[in-house]
Amino acid sequence: MSFIVLIDILGVVAFSISGVLTSMRKKMDLFGIFIIAFVTSVGGGTLRDVLLDVPVAWLTNMTYVYTIAITSTVAILFRSKLAYLRKSLFLFDTIGIGLYTVVGIEKAIEAGLHPVICVFFGTMSACFGGVIRDILCNEIPVIFRKEIYATACIIGGLAYFLSLKVKVPEDFVFVIAAVVVISIRLLAVIFKISLPSIYQKENTV
Amino acid sequence: MSFIVLIDILGVVAFSISGVLTSMRKKMDLFGIFIIAFVTSVGGGTLRDVLLDVPVAWLTNMTYVYTIAITSTVAILFRSKLAYLRKSLFLFDTIGIGLYTVVGIEKAIEAGLHPVICVFFGTMSACFGGVIRDILCNEIPVIFRKEIYATACIIGGLAYFLSLKVKVPEDFVFVIAAVVVISIRLLAVIFKISLPSIYQKENTV
Amino acid sequence: MSFIVLIDILGVVAFSISGVLTSMRKKMDLFGIFIIAFVTSVGGGTLRDVLLDVPVAWLTNMTYVYTIAITSTVAILFRSKLAYLRKSLFLFDTIGIGLYTVVGIEKAIEAGLHPVICVFFGTMSACFGGVIRDILCNEIPVIFRKEIYATACIIGGLAYFLSLKVKVPEDFVFVIAAVVVISIRLLAVIFKISLPSIYQKENTV
């Protein structure tokens, strides 16, 4: 479905640029920047495929490598202009995690796994590229501290299985789950919602 | 064997709580805490299974996920009381690494590997969950600096193959190796034993 | 071919010593030092084999483990003398990455992958042991900031496929690619060449 491919590429673009930005903040060289862009884009899916013991997607699909290479080059060249694109990038990224979550869930279902594990794989596909990016940049992964990102994926995953249970037609299940992830992320950012902290003044959760 | 299952669950409980404690020290959010508890518990075994190219245990056994989820939740709720449990936790953790070491060795034997590599896999199963925990928390892994932890696993592994060689019945080999790991760790902590340092005053090893 | 085996062992020796040096700077204990020496030597190849889903080489070839164990022990005992060997070590390391690059490329070709991905796998085989070493030592990987190292592997990879295309006999392709990697690295270090920075005074690349 060419719409999915387009969304997938937009997600890779957004993730690549986030990798470029993080690695440039660490004063990495061109090789480092490209590698960080690469792992940010495909790291979550790679971990997923290795754990499921299925072929890693980017090994045989050159679209990923080309998209990442072109995006990184353009992002480096126009790095002083990236600030103007912040809103578009945020939107791409949000659409990207919505899509990646559903792809991760469906790969785990195909492997015959339990729904809870499938939701976990959806979240991993969407979020662990960023985790590997942050580890390579020697920082504590940002999604372990700002949780609406991963929480959106988890709730989207629950929406997926709920839709399946109430017999929503399969094509719609995909759309519903992705829309749930995207809406929660958008609403959380717009209204500055975050989960209750367990640290401030030591309130119980 | 239900005794083994019980020990395994106690090990997961101890490792989860150690993950919760480390991640809370880093002020992670609920998602981060759960992920750190998860990787601390199953990270070593996951790396082992991926390297051996056998199915990853927690993908198809929900006991791990449920145990980790419940333990983490309870640990977060009663976090101010965890100090009272320090000794029990230490005991669970020590029993856990004893068991994990033997499980790792036996999986590597099944894969037909050399005894030295098997001991290595036993140690990895027991210790690398903690290594991944520390990397995700942006610290140098603690077991690379306080070595009796891993050393206990290695000596336990040697005991395993020594017992095999002198024809100890198979069930006892398991028990002997685990007891060796557990005893060395307990004695090392009680008597504050550590390997000779190679740094203080630059003495030769 | 026994010459290749010799070169491979020299590469493992050089990588092990670089692991020993980095981990001693972090005041790690004996276990930590050995593990860091180990991952520096075999980490890149392990990641390659896991991604390609082929058996991991060191699981069944004890040469690696013995070479790393002996090298690390000798390096720790004679640590105060290592400075005198700096030039030999640099040479071993450089020959090592030349060889590892070609081995990585050939394994990827065997797996039927696209040339671009093969070059990527060559570079990964040569460089990612050092990346994992730096992550475990809680530092930003050095090759993400001093790029001639990885760039040499990439250019060597291009030389490999170029030689193939112009029908150079297969045995020579191997040699040519390795020599290109080694020469570029040597020249870059001797003449202090590095890629243009994208940071100083914010010049465009």
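The number of residues in the range B:159-178 being surrounded by fewer than 16 Cβ atoms within 10 Å (Cβ to Cβ) and under 29 Å from B:LYS87 (Cβ atoms) comes to 2.
For (1) within 17 Å of the chain's Cα centre (by Cα); (2) outside any helix (DSSP H, G or I); (3) more than 30 Å from B:ILE198 (Cα to Cα), each residue gets a yes or a no:
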{"position": "C:ILE70", "(1), (2), (3)": "no, no, no"}
{"position": "C:LYS87", "(1), (2), (3)": "yes, no, no"}
{"position": "C:THR94", "(1), (2), (3)": "yes, no, no"}
{"position": "C:THR101", "(1), (2), (3)": "yes, no, yes"}
{"position": "C:ILE105", "(1), (2), (3)": "yes, no, yes"}
{"position": "C:ILE109", "(1), (2), (3)": "no, no, yes"}
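Inside the range A:48-58, can you point out the residues that are under 19 Å from the mean Cα position of the chain (by Cα) and either acidic (Asp, Glu) or within 7 Å of another protein chain (Cβ to nearest Cβ) (or both)? A:ASP49, A:VAL50, A:LEU51, A:VAL56 - these are the residues of the range A:48-58 that are under 19 Å from the mean Cα position of the chain (by Cα) and either acidic (Asp, Glu) or within 7 Å of another protein chain (Cβ to nearest Cβ) (or both). When the range A:89-145 is filtered for residues that are in contact (Cβ under 8 Å) with a residue 12 or more places away in the chain and among the basic types (Lys, Arg), the ones remaining, listed by number, are A:LYS107, A:ARG133.
Output yes when any residue across the range C:88-103 is charged (D, E, K, R) and under 28 Å from A:THR46 (Cα atoms), and no when none is. For the range C:88-103, residues charged (D, E, K, R) and under 28 Å from A:THR46 (Cα atoms): absent. Count of the range C:68-78 residues, restricted to those that are surrounded by fewer than 21 Cβ atoms within 10 Å (Cβ to Cβ) and either in contact (Cβ under 8 Å) with a residue 24 or more places away in the chain or more than 8 Å from chain B (Cβ to nearest Cβ) (or both), is 6.
Here A:PHE15 passes the criteria (1) within 11 Å of chain C (Cβ to nearest Cβ); (2) under 28 Å from C:SER197 (Cβ atoms); (3) of a type in the set (Phe, Trp, Tyr) except the one numbered (1). For A:LEU82, the conditions (1) surrounded by fewer than 17 Cβ atoms within 10 Å (Cβ to Cβ); (2) within 14 Å of chain B (Cβ to nearest Cβ); (3) in contact (Cβ under 8 Å) with a residue 60 or more places away in the chain are fulfilled apart from (2). On inspection, C:ARG79 does not qualify as within 18 Å of the chain's Cα centre (by Cα) and modelled with pLDDT under 90. Does the range C:18-38 hold any residues that are touching a residue at least 40 places away in the same chain (Cβ under 8 Å), of a type in the set (A, V, I, L, M) and more than 10 Å from every other protein chain (Cβ to nearest Cβ), and which are they? Scanning the range C:18-38 gives C:VAL20, C:LEU21. The numbered conditions (1) crowded, with 20+ Cβ neighbours inside 10 Å; (2) within 10 Å of another protein chain (Cβ to nearest Cβ); (3) closer than 25 Å to C:VAL20 by Cα are all true for B:VAL119 except (2).
The values are calculated or read from the model by the stated rules, or taken from the named source; none is laboratory data. Keep in mind that this is a model prediction, so the values were computed, not measured. Please note: Cβ atoms are built from the backbone with ideal geometry, for glycine as well, and neighbour counts cover all protein chains shown.
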